[in-house]
1. Hey, any idea what % of the chain's accessible area is carbon plus sulfur with a 1.4 Å probe?
2. Just to be sure I understand: with springs between alpha-carbon atoms less than 10 Å apart, which residue in GLN44, GLN13, GLN81 has the highest mean-square fluctuation in the Gaussian network model of the chain?
3. Among all the aspartates and glutamates, which ones have a C-alpha under 16 Å from LYS43's C-alpha, if same-chain residues fewer than 8 places away are not counted?
4. How many Å² of accessible area per residue for segment 46-115, probe 1.4 Å?
5. Quick one: P(r) of the chain from all Cα-Cα pairs, 10 Å bins, percents rounded to integers, in order of increasing distance.
6. Subtract the Cα-Cα distance of SER17 and THR52 from 0.36 nm times their separation in residues, and report this length gain in nm to one decimal.
7. Can you give the extra length, in nm with one decimal, that the chain gains between GLN1 and ASP61 once fully stretched, where that is 0.36 nm per residue apart less the Cα-Cα distance?
8. Which of VAL92, SER30, THR52 sits closest to the plus end of the dipole of the chain, meaning its Cα is farthest towards the positive end, when Lys and Arg get +1 and Asp and Glu get -1 on the C-beta?
Amino acid sequence: QVQLVESGGGLVQPGGSLRLSCAASGSIASINTMGWYRQAPGKQRELVARITNGGTTNYADSVKGRFTISRDNAKKTVNLQMNSLKPEDTAVYYCNLYVWGKNYWGQGTQVTVSS
């Protein structure tokens with residue numbers, strides 16, 4: 001059974017930084033995509049960033065230049081370094097694994113950007 005466990009959310013002031021981490025467990029094919037999505041109150045869940053096992057990345061336009069996604073294939077982890085955070089980045093952030101044509105989700109971690 002695939003499980004994703006996130007950590008690293010919290011409260012930060014505008015302009016600050018946070019690092020989110022996600023660890024996957026279970027039987028996972030080596031060819032997969034891991035990523036982060038977020039959902040703010042009253043809004044739909046949206047892609048933040050994703051990375052393939054080969055290292056190809058995609059970012060939402062709103063976070064380009066501020067967020068960096070990385071992964072460790074051997075450890076089955078994915079990280080999201082978030083810099084220059086803005087109040088509009090406030091949301092629940094979900095780790096995502098896409099493998100074998102299915103999506104798996106973590107439980108979500110709250111990120112709040114406020115002074």
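The values are calculated or read from the model by the stated rules, or taken from the named source; none is laboratory data. Nothing here was measured: the structure is a model prediction, and the numbers come from that model. Backbone-built Cβ (ideal geometry, glycine too); neighbour counts: all protein chains shown. For the accessible areas, the whole protein counts, side chains as well, though only heavy atoms, and no ligand, DNA or RNA atoms are used. Shrake-Rupley method; radii C 1.70, N 1.55, O 1.52, S 1.80 Å.
1. Of all accessible area on the chain, carbon and sulfur atoms account for 47 percent.
2. Answer for the Gaussian network model of the chain: GLN44.
3. Partners within reach: GLU88, ASP89.
4. 51 Å²
5. Bin by bin from 0 Å, the calculated values are 15, 50, 29, 6, 0.
6. Numbers: separation 35, 0.36 × 35 = 12.60 nm, distance 2.40 nm.
The span from SER17 to THR52 would gain 10.2 nm if fully extended.
7. Between GLN1 and ASP61, full extension yields 18.3 nm more.
8. About the Cα centre, the residue reaching furthest to the positive side is SER30.
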